[in-house]
Amino acid sequence: MTTEVSRLLEGAAKAITSVRYCWLVTEAKSTGVHARPMGCVLPFPHENNWTVRFVTNGRSRKAADIRRVAKVGLVFQQNADDAFVVLTGTATLLEQPSRVRQLWRQAYDAYFPTEADRANAAFAEVSVERMELWIRGVTPEPFGLRPTVLERDSGGAWRLSDLEAA
């Protein structure tokens, strides 16, 4: 991996891990999109940093959206450093009770207070495939003119995209 790509990934990771919430964007059933703020579940130390998880109700609209169209967007904003990160990837719902128990943390009990609530808990796991970055001091100047785009190749390695958005 090039030094530049490594530096961009480090900047994106710093921005993402320093915010408590991001926006999850899914395709709506009829037209348009649904967007909602979500608290991220940070990866375990041994895991790939570019898998993002959320705890959710398996009966929710977001879960239905993910079941229907797995492609999602995640939007992170870290104001103090002028950092904006948009991640795109494929979401999978982890609904198996054994997997939910494995990922469960006691703090989630506040959002799923009853056994019935916890029985419907699931995790949305997003495997990130593309990033658009605007990070002051990390991405090229002039800041904010256009994103720096990173994409995963077929082997899973990150590379700068030639198809930067306007």
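The values are calculated or read from the model by the stated rules, or taken from the named source; none is laboratory data. Here the structure is a predicted model, which means the values were calculated and not measured. Heads up, the Cβs are rebuilt from the backbone with ideal geometry, glycines too, and the neighbour counts pull from every protein chain shown. Ligands, DNA and RNA are excluded from the accessible area calculation, which covers all protein heavy atoms including side chains. Shrake-Rupley method; radii C 1.70, N 1.55, O 1.52, S 1.80 Å.
The set of residues in region 137-166 that are touching a residue at least 60 places away in the same chain (Cβ under 8 Å) and β-branched (V, I, T) comprises V138, T139, T148.
Tell me which residues, restricted to region 127-136, are touching a helix residue (DSSP H, G or I) at 6+ places or on another chain (Cβ under 9 Å) and touching a residue at least 60 places away in the same chain (Cβ under 8 Å).
Applying the first criterion (touching a helix residue (DSSP H, G or I) at 6+ places or on another chain (Cβ under 9 Å)) to region 127-136 yields 131, 133, 135-136.
Across region 127-136, the qualifying residues are M131, L133, I135.
Considering region 52-71, and only residues there that are touching a helix residue (DSSP H, G or I) at 6+ places or on another chain (Cβ under 9 Å) and under 27 Å from L150 (Cα atoms), the residue that is surrounded by the most Cβ atoms within 10 Å (Cβ to Cβ) turns out to be V52. Looking for something within 21 Å of Y21 (Cβ to Cβ) and assigned to a helix (DSSP H, G or I) - is there at least one such residue anywhere in region 94-105? So far as region 94-105 goes, yes, one or more of its residues are within 21 Å of Y21 (Cβ to Cβ) and assigned to a helix (DSSP H, G or I).
Pairing each residue of region 13-29 that is small (G, A, S) with any residue that is open to solvent by 20 Å² or more (accessible area, probe 1.4 Å) and assigned to a loop (DSSP other than H, G, I, E, B), provided the two are 6+ apart or on different chains, yields C-beta distances under 9 Å for A13/N49; A13/W50; A15/V138.
When restricted to residues that are touching a helix residue (DSSP H, G or I) at 6+ places or on another chain (Cβ under 9 Å) and either open to solvent by less than 30 Å² (accessible area, probe 1.4 Å) or closer than 18 Å to G39 by Cβ (or both), region 72-113 contains 17.
For N49, the criteria (1) at pLDDT below 90; (2) surrounded by fewer than 13 Cβ atoms within 10 Å (Cβ to Cβ) hold in every case but one, which is (2).
Just a yes or no: is a residue in region 26-35 hydroxyl-bearing (S, T, Y) and closer than 23 Å to R152 by Cβ? Yes; the residues of region 26-35 include at least one that is hydroxyl-bearing (S, T, Y) and closer than 23 Å to R152 by Cβ.
Pairing each residue of region 54-66 that is under 14 Å from A35 (Cα atoms) and without any contact (Cβ under 8 Å) to a residue 60 or more places away in the chain with any residue that is among the polar types (S, T, N, Q) and open to solvent by 10 Å² or more (accessible area, probe 1.4 Å), provided the two are 6+ apart or on different chains, yields C-beta distances under 9 Å for S60/N120; I66/T92. Can you name the residue in region 105-140 that is among the acidic types (D, E) and within 16 Å of the chain's Cα centre (by Cα) and is also nearest to A91 (Cα to Cα) among such residues? Across region 105-140, the extreme among qualifying residues is E125.
In this structure, is R36 within 21 Å of M131 (Cα to Cα) and of a type in the set (K, R)?
On the way: within 21 Å of M131 (Cα to Cα): yes; of a type in the set (K, R): yes.
It is true that R36 is within 21 Å of M131 (Cα to Cα) and of a type in the set (K, R).
Scanning region 114-164 for residues that are in a strand (DSSP E or B), within 21 Å of R61 (Cα to Cα) and open to solvent by less than 50 Å² (accessible area, probe 1.4 Å) yields A121, A122, F123, A124, E125, V126. Restricting attention to region 70-104, the residues that are closer than 17 Å to E129 by Cα, of a type in the set (G, A, S) and in contact (Cβ under 8 Å) with a residue 24 or more places away in the chain add up to 3.
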